[in-house]
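Written below as structure tokens is the structure these notes are about.
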Amino acid sequence: MFKLATILLALLFASPALAYNELQGETLAKILEMSEKNGVIVEKLNEADTAAMDERTNPRPRPSIIYLLTLGSSVIIALVHNDVVTYSTDPVELEKINKMLGRAGA
């Protein structure tokens, strides 16, 4: 468990390959548990936000649900299918995500 907590915190500052490799294959339940313990905010995108992100990014594998893992001003986008992370991005600035989703203050 400590390993996953360390990974989640380190991912926001890690190389792109590390972010992808360490989250892929982890269960959503495990990520939610470790996120709660370490102050990572997990947000499941609603239909409107998912559609907005789909319009502005490359096609994502379907079916999948988009989750944002936020710590401070960095966000990792994770795609989840059958409660397992199938893909995660490099850390992205929160401001860029807010702008992409048309959120206030972006």
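The values are calculated or read from the model by the stated rules, or taken from the named source; none is laboratory data. If you're wondering where the values come from, they're calculated on a predicted model, not measured in any experiment. Cβ atoms come from the backbone with ideal geometry, glycine included; neighbour counts cover every protein chain shown.
Structure data summary
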quantity: Residue match in the range 23-30 (condition: in contact (Cβ under 8 Å) with a residue 12 or more places away in the chain and of a type in the set (Gly, Ala, Ser)); calculated: yes
quantity: Elements of type helices (runs of 4 or more DSSP H) contained in the range 12-59, each with 3 or more residues being at pLDDT 90 or above and over 20 Å from ASN82 (Cα atoms); calculated: 47-56
quantity: Filter result (surrounded by 16 or more Cβ atoms within 10 Å (Cβ to Cβ) and either basic (Lys, Arg) or farther than 24 Å from GLU95 by Cβ (or both)) within the range 33-59; calculated: MET34
